[in-house]
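Structure first, commentary second.
Taken together, the values in this text are just the output of simple stated rules run on the coordinates, not laboratory data. Predicted model, so just to flag it, every value in this text is computed and none were measured. Here the Cβ positions follow ideal geometry from the backbone for every residue, glycine too, while neighbour counts run over all protein chains shown.
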Amino acid sequence: MELAERAAPGVEQYAELAAESACHLADAAGPGGWSAAAVEDVLDAIDTLTEALGGAGPELAQMLAAVAAATNGARRHLGLVVDDQEPEPAAVAATLPAPRRPPRRRGLGPGFQGVRTAS
């Protein structure tokens, strides 16, 4: 599989922002620094990024299916809600493409106008 020389408009900036945000989160979070809401948000972000990257090709989607199984396993381990539509056993999930589901979203409060990025 070959990747394009140039990404679609905005993809590289958002990918860089996602990686930078992940680094900031890793620096801020410690063993006791996690809440259920924070864990759910991170697992949803992992699922969303995995699904987006899996869109680059069916072979890649199949390889990344194990990530969806892992995030579901983490949810079960932590007692968080797991969607019934997703395959449960890791062996089965590793052979299927990642399921398409929108991330669970919570409101960001009144007046939120999105994230501004430098152009």
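Things to note:
- Per-residue 3J(HN,Hα) values for region 38-45, derived from phi via the Karplus relation 6.51 cos²θ - 1.76 cosθ + 1.60 with θ = phi - 60°, read 5, 5, 4, 4, 5, 5, 5, 5 Hz in sequence order (x marks Gly and Pro).
- For residue 2 and residue 27, a Förster radius of 30 Å and the Cβ-Cβ distance give a FRET efficiency of 0.30, rounded to the nearest 0.05.
- In order through region 3-19: 3J(HN,Hα) via Karplus (6.51 cos²θ - 1.76 cosθ + 1.60), integer Hz, x for Gly, Pro: 8, 5, 5, 10, 7, 4, x, x, 5, 5, 5, 5, 5, 5, 5, 4, 5
- Applying the Karplus relation 6.51 cos²θ - 1.76 cosθ + 1.60 with θ = phi - 60° to region 49-54 yields 3J(HN,Hα) values of 5, 4, 5, 5, 5, x Hz, where x marks Gly and Pro.
- Two-site FRET efficiency, residue 76 against residue 16, from Cβ-Cβ distance with R₀ of 30 Å, rounded to 0.05: 0.40
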